[in-house]
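The structure under discussion appears below in the form of structure tokens.
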Amino acid sequence: MTLGEISRAATVVKGSRLVEGDVVFARIVSAGVGVVHSRVGMLLPGEEQPPSTRISMQLFVTVWRDDRWVVVALENARLLSLESMAALESLTVE
């Protein structure tokens, strides 16, 4: 963890929890290598449903090592609705 991540975990997202996790797909792509695509929402204290702005997706790259799957790479990104994408694109300066 970076210093910024440690600070954020101790303040902004303290007491948060991950909910509504879902594996979109899991595939073995070659001998001993797999990928897992998942989605999850983040609840802050006092919330019952995660807002759409706090739904994210993850892509894990795994390898079979020592008789188990080990995550060797992870990408985590926010999911954006078509409406959010259109709003962001309208801000683009050409």
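Restricting the range 32-49 to residues that are assigned to a loop (DSSP other than H, G, I, E, B) and touching a residue at least 24 places away in the same chain (Cβ under 8 Å) leaves a set whose member that is nearest to the chain's Cα centre (by Cα) is L44.
The set of residues in the range 66-91 that are under 20 Å from R54 (Cβ atoms) and not small (G, A, S) comprises L74, E75, N76, R78, L79, L80, L82, E83, M85, L88. Number of residues in the range 50-64 that are over 16 Å from F25 (Cβ atoms), over 14 Å from the mean Cα position of the chain (by Cα) and in contact (Cβ under 8 Å) with a residue 12 or more places away in the chain: the value is 2. Residues that are out of contact with any Leu (no Cβ under 8 Å at 6 or more places or on another chain), at pLDDT 90 or above, open to solvent by less than 60 Å² (accessible area, probe 1.4 Å) and of a type outside the set (A, V, I, L, M, F, W, C) within the range 48-88 comprise just one, T62.
The values are calculated or read from the model by the stated rules, or taken from the named source; none is laboratory data. Just so it is clear, the structure is predicted and the values come from calculations on it, not from any experiment. Methodologically, a virtual Cβ is constructed for each residue, glycine included, from the backbone with ideal geometry; neighbour enumeration extends over all protein chains shown. To get the accessible areas, we keep the full protein, side chains included, count just its heavy atoms, and leave off ligands, DNA and RNA. Shrake-Rupley method; radii C 1.70, N 1.55, O 1.52, S 1.80 Å.
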